[in-house]
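Structure first, then comments.
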Amino acid sequence: MGGAHPVRFIDFGDGFVAGIPYGKAINPITKSNWEWVGVTPDIETSTDNAFETAYHAALNKLLNVTRDKYHRADIQNELNALSPRLTQ
């Protein structure tokens, strides 16, 4: 299951609960949604490296817009420490 359909949970008593979809998100361009399909990530990576890859991308964006040389040095140091973990 994905998250494209909003669900209401109904308690039927005696421990029985059902999640009933009551809507559907539709992309106006593709006329579809991501239920049972998922979304294509902006950056392809393994599950094991997902956090580090996202963090690396965020640091690179910060480095591109940061003008203060001390902040830039801190960001660059963090990137240098992170890079070896991404190649494992």
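None of the figures in this text is laboratory data; all of them are computed from the coordinates on show. The model shown is predicted, which means the values in this text are computed figures rather than measured ones. Positions of Cβ are generated from backbone atoms using ideal geometry, with glycine treated the same way; all protein chains shown enter the neighbour counts.
Segment residue 76..residue 27, full-extension length gain: 13.8 nm, with 0.36 nm per residue of separation and the alpha-carbon distance subtracted. The helix-based estimate of mean residue ellipticity at 222 nm for the chain, built from -39,500 (n - 2.57) per DSSP H run of four or more residues and divided by its residue count, is -13000 deg cm²/dmol to the nearest 500. Loop-located chymotrypsin sites (Phe, Trp or Tyr not before Pro) in the chain (DSSP state not H, G, I, E or B) with no more than 15 neighbouring Cβ atoms inside 10 Å: 22, 34, 36.
Seen through its C-alpha gyration tensor, with square-root eigenvalues sorted a ≥ b ≥ c, region 1-54 comes out oblate because a/c lies at 1.5 or above while a/b is not bigger than b/c.
The label-point distance for residue 34 and residue 17, in a model that sets each label 7 Å from Cα toward Cβ, rounds to 2.5 nm.
Exposed loop sites, defined as trypsin sites (Lys or Arg not before Pro) outside DSSP H, G, I, E and B with at most 11 other Cβ atoms within 10 Å, are absent from the longest region of the chain, namely 32-66. For region 15-29, backbone phi angles converted through the Karplus equation (6.51, -1.76, 1.60; θ = phi - 60°) give residue-by-residue couplings of x, 9, 10, 10, x, 10, x, 10, x, 8, 7, 10, 6, x, 8 Hz, Gly and Pro being listed as x. Between 0 and 90 degrees, the angle of helix 50-65 with respect to the longest Cα principal axis of the chain falls at about 50 degrees. Checking every one of the GluC sites (Glu not before Pro) in region 14-52 against DSSP loop status and a limit of 15 other Cβ atoms within 10 Å picks out 35, 44. For region 37-88, just say rounded, prolate or oblate: build the C-alpha gyration tensor, square-root its eigenvalues into a ≥ b ≥ c, call rounded for a/c under 1.5, and beyond that prolate if a/b exceeds b/c, oblate if not. Here region 37-88 falls in the oblate category.
Taken about its Cα centre, the chain carries a charge dipole of about 400 debye when Lys and Arg each add +1 at the Cβ and Asp and Glu each add -1 at the Cβ. Axis of helix 69-86 versus longest Cα principal axis of the chain: the two differ by about 60°, to the nearest ten degrees.
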